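First the structure, in the form of structure tokens, and then the observations on it.
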Amino acid sequence: HCLAVRAVCRREIDGDRGNGYSWKITLLRNYWKSKVKQEWLSGKYSNIPSQLSLPEKSMYPMDVDTWGEILEAELER
């Protein structure tokens, strides 16, 4: 699980580890974020008709850099 999460959230994982969080806390802090981020990056939510079309768990608190990654991926599509 740790490697799968790090593949999507490398910056976040490295930051948490650099701040002294244990692997367990780092995983707990980033697991759901990585799931949501991967769905956004893969284009799952591209071209949706409205916000009502988004599933309940499509949003997660993410920093500006993460949203920047997602927006860049959308622009490349």
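Surface composition of the chain: carbon plus sulfur atoms contribute 57% of the solvent-accessible area (1.4 Å probe, protein chains only, all chains present).
For the chain, what does -39500 (n - 2.57) per DSSP helix run (n ≥ 4), summed and divided by total residues, give at 222 nm, in deg cm²/dmol to the nearest 500? Computed ellipticity for the chain at 222 nm equals -19500 deg cm²/dmol. Its residue count N sets the reference 2.2 N^0.38 Å, and the alpha-carbon radius of gyration of segment 5-68 equals 1.22 times that reference. Would you be so kind as to identify which of Trp23, Ser50, Ile13 lies farthest towards the positive end of the dipole of the chain, taking Lys and Arg as +1 and Asp and Glu as -1 on Cβ and the Cα centre as origin? Going by the charge dipole, the pick is Trp23.
Using a probe radius of 1.4 Å on heavy atoms only, what accessible surface per residue do you get for the chain? Whole Å² is fine.
With the other protein chains kept in place, the chain gives 72 Å² per residue.
The values are calculated or read from the model by the stated rules, or taken from the named source; none is laboratory data. Since this is a predicted model, take the numbers as computed values, not measurements. Please note: Cβ atoms are built from the backbone with ideal geometry, for glycine as well, and neighbour counts cover all protein chains shown. For accessibility, only protein heavy atoms count, side chains too; no ligands or nucleic acids. Shrake-Rupley method; radii C 1.70, N 1.55, O 1.52, S 1.80 Å.
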